[in-house]
Each structure stands twice: as C-alpha cells, then as structure tokens.
Ligand SMILES: [Ca+2]
Ligand SMILES: [Ca+2]
C-alpha cells in the first residue's frame, strides 16, 4: 500500500487500481456501493473459513474490528452521510488521505514510511483482506 502515496495527486493508474480494489475486495455483494452489509459478508466469510463459531473469542474480536473499520470508513469516506460509500467517495477519501500524508510530511520534514501514516483501521482491514484471500485461494 505504501506505493499509493508517491505524489501529491493520485494518478489515473492509481485511481483505477483503487476502483478495482473497491469492486473486487470491498463491494462484496457487487451493487456498486460499500455498505455495512458488505463488511458483514466479509466478516462472516472470514469467520466461516477460519472455523470461528459464534461465541468464541475470535468471532467476537473479528466483529469488533469490523464495526470499528466501518465506523472509521464512514467518518472519512461517507461525504453525504447516507450510510453508503460510492466509488466516487472512495476515490475522494484516498485523495484526501494522500494529501494529508503529504501535508504531514512537509510539516515534519522527515521521511516517514507511508505505512505509519495510513489510518490504523485501514491497515487492519488490509490485513484481514489478505488473510481472507489467502484462505479463499486454497482448495482442500
Ligand atoms: Ca455493496
Ligand atoms: Ca455516501
């Protein structure tokens, strides 16, 4: 993900990549918008594939993590506060994160890695995303 924040403005290539991720990894029910439903689906898939049953610590923890991620995503991304993140709002959120990153870098005048400045909720989702697709890729 560090490669996202190279320049002050996102390139078309980067925007297309973000849109691809939006449709492939985030909008699980493929209706073109991100809603809590999509995160519920992702969470259920992860718990099912991992064999975490309702009531187990892992199940409870995963639920808390996803609630948290969704809340932050709404805060940062849902510009018109309708409870849904459109692909347009998604790209604009990344543009803002990108600008914030560069503004912070200018202020501090230090070379920090992009990973440290990516919001922690996003980092956690990325971790889950990769673990989910790792598992999905394996057939028994
Ligand atoms: Ca959706
Ligand atoms: Ca919205």
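Quote the Stokes-Einstein diffusion coefficient, in whole µm² s⁻¹, for region 1-107, based on the Kirkwood radius over alpha carbon pairs, a temperature of 25 °C and a viscosity of 0.890 mPa s.
On the way: Rh = 15.2 Å.
Translational diffusion coefficient: 162 µm²/s.
If you rank 67, 47 by fewest surrounding Cβ atoms within 10 Å, what's the result?
On the way: 67 14, 47 18.
Fewest to most other Cβ atoms nearby, the residues stand as 67, 47.
Panel note: the C-alpha atoms of region 28-73, placed on their principal axes, show extents of 32, 21, 11 Å (largest first).
Rule-based calculations on the coordinates, nothing more; no lab input. In this text the structure is predicted, and so the values were computed from the model without any measurement. For neighbour counting, all protein chains shown are included, and Cβ atoms are generated from backbone atoms with ideal geometry for every residue, glycine included.
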